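K.L.:
Starting off with a structure, shown below.
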Amino acid sequence: MSQSPSPLVPGKTAIVAKGLVKRFKTGRTYIEVLKSVDFDALHGDVTMVMGPSGSGKSTLVACLSGLLRPDGGRVKAMDQDLWSLPSGRIDKFRLDNCGFIFQGFNLFPALTALQQVTTVLKYQGYDVAEARRMAMVSLDEVGLGHRVNQRPSELSGGEKQRVAIARALAKQPRLLFADEPTSALDGENGQIVTRLLQRAAKEHGAAVICVTHDHRMESFADRVIHIEDGRILDDRRVTSQPAPAAADRPLIGA
Ligand code: ADP
Ligand code: MG
């Protein structure tokens, strides 16, 4: 199977949410974690969602990406009304469109860097040779072409997060969700990881939605959204319009 994603147009809306509400039951009461949140993100943008611990950032990302069903509101992503789809189609939406990067890397302990990436690609339907080729390209792009046979225990924190990024980007996701991707990293590795996220937006046209309370990342954002206690307090564009993507030069693969 080979994928030929349609070119992503910088500045085009990738995802829009209206009136998102999410409640969790704690004991006998419900706490409202998202209180009618409106949100949108554009292709070619790094959109940072910042806010204190417990403000609802991870919950928002989960509701936007089809991982957690909201109790109210709607999400339109890649022109699909996400939460009106049957659950199998939501899974397929995630597989086809979304890449994920988490604070704790979420790598499989027993697999090499190469296998981390090929496993996901094979699950997506690529044959072994194609998956291997794409994984090598992707690992090369994050500067780990020489570390493909290492397992997580043999990699530094920064390298582990770069493997996770290679895995997320190998299939050229239209939406890239990163939840505190630099929290476990030192300054230098945090900056490498942030630059890779920025490249995914600028060179590939992905909509990068990055949750963080790491203020070092702010200077890489096109837009900064502040959330507190389940509400958006501030939404500020810090660059002009998204830069045009180099359509003839995809970030990963060909
Ligand atoms: P953030 O990512 O900004 O730190 P979260 O979205 O993880 O915040 O959590 C927001 C609030 O929702 C917190 O008070 C948290 O304890 C609560 N919460 C998150 N997930 C659950 C859950 N599955 N069950 C109950 N409460 C939850
Ligand atoms: Mg969180």
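The values are calculated or read from the model by the stated rules, or taken from the named source; none is laboratory data. The structure presented is a predicted model; accordingly, all values stated were derived computationally and were not measured. Virtual Cβ from ideal backbone geometry, glycine too; neighbours counted across all protein chains shown.
K.L.:
Given the structure, is T212 out of contact with any Leu (no Cβ under 6 Å at 6 or more places or on another chain), within 24 Å of S138 (Cβ to Cβ), modelled with pLDDT under 95 and not basic (K, R)? Walk me through how you get there before you give the answer.
P.N.:
Working: out of contact with any Leu (no Cβ under 6 Å at 6 or more places or on another chain): yes; within 24 Å of S138 (Cβ to Cβ): yes; modelled with pLDDT under 95: yes; not basic (K, R): yes.
When the stated conditions are applied, T212 passes them.
K.L.:
Is there a residue being buried (at least 17 other Cβ atoms within 10 Å of the Cβ) and basic (K, R) anywhere in the range 91-99?
P.N.:
Within the range 91-99, one or more residues are buried (at least 17 other Cβ atoms within 10 Å of the Cβ) and basic (K, R).
K.L.:
Please tell me if A135 is closer than 18 Å to A110 by Cα and in contact with a strand residue (DSSP E or B) (Cβ under 9 Å, 6 or more places away or on another chain).
P.N.:
On the way: closer than 18 Å to A110 by Cα: yes; in contact with a strand residue (DSSP E or B) (Cβ under 9 Å, 6 or more places away or on another chain): no.
No, not satisfied.
K.L.:
Output the residue which, of all residues in the range 12-31 that are of a type in the set (G, A, S) and within 20 Å of the chain's Cα centre (by Cα), is surrounded by the most Cβ atoms within 10 Å (Cβ to Cβ). Even if it seems obvious, please write down each step before you answer.
P.N.:
Applying the first criterion (of a type in the set (G, A, S)) to the range 12-31 yields 14, 17, 19, 27.
Right, trim to within 20 Å of the chain's Cα centre (by Cα) and you get 14, 17.
Working: A14: 26, A17: 22.
Taking the candidates together, the pick is A14.
K.L.:
Of the residues that sit in the range 32-86 and are part of a loop (DSSP other than H, G, I, E, B), in contact (Cβ under 8 Å) with a residue 24 or more places away in the chain and away from ligand 2 (no atom under 15 Å from the Cβ), which one is surrounded by the fewest Cβ atoms within 10 Å (Cβ to Cβ)? Give the derivation first.
P.N.:
Of all residues in the range 32-86, those part of a loop (DSSP other than H, G, I, E, B) come to 43-45, 51-56, 65-71, 78-79, 85-86.
Narrowing further to those that are in contact (Cβ under 8 Å) with a residue 24 or more places away in the chain: 43-45, 51-53, 55-56, 65-68, 70-71, 78.
Filter again for away from ligand 2 (no atom under 15 Å from the Cβ), leaving 43-45, 66, 70-71, 78.
Details: H43: 23, G44: 25, D45: 26, G66: 24, P70: 23, D71: 14, M78: 16.
My answer is D71.
K.L.:
So the check is Cβ under 6 Å with 6+ separation or different chains; which pairs have a first residue in the range 97-117 that's within 14 Å of L155 (Cα to Cα) and a second one that's of a type in the set (G, A, S) and not in a loop (DSSP other than H, G, I, E, B)?
P.N.:
As it stands, the answer is F105/A164; L114/A135, since those pairs meet every condition given.
Matching residues to (1) within 16 Å of ligand 1 (Cβ to nearest atom); (2) in contact with a strand residue (DSSP E or B) (Cβ under 7 Å, 6 or more places away or on another chain); (3) at pLDDT 95 or above:
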site	(1), (2), (3)
M48	yes, yes, yes
V61	yes, yes, yes
G104	yes, no, no
T119	no, no, yes
D127	no, no, yes
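K.L.:
Right, here's the next one. Can you pull out every residue in the range 220-238 that is without any contact (Cβ under 8 Å) to a residue 40 or more places away in the chain and basic (K, R)?
P.N.:
Answer for the range 220-238, where residues must be without any contact (Cβ under 8 Å) to a residue 40 or more places away in the chain and basic (K, R): R236, R237.
K.L.:
If you go through the range 138-158 one residue at a time, how many are without any contact (Cβ under 8 Å) to a residue 24 or more places away in the chain and part of a helix (DSSP H, G or I)?
P.N.:
Count: 2.
K.L.:
If you go through the range 120-132, how many residues are in a helix (DSSP H, G or I) and buried (at least 16 other Cβ atoms within 10 Å of the Cβ)? Give the derivation first.
P.N.:
Of all residues in the range 120-132, those in a helix (DSSP H, G or I) come to 120-123, 128-132.
So of that shortlist, the ones also buried (at least 16 other Cβ atoms within 10 Å of the Cβ) come out as 120-122, 130-132.
Counting residues in the range 120-132 that are in a helix (DSSP H, G or I) and buried (at least 16 other Cβ atoms within 10 Å of the Cβ) gives 6.
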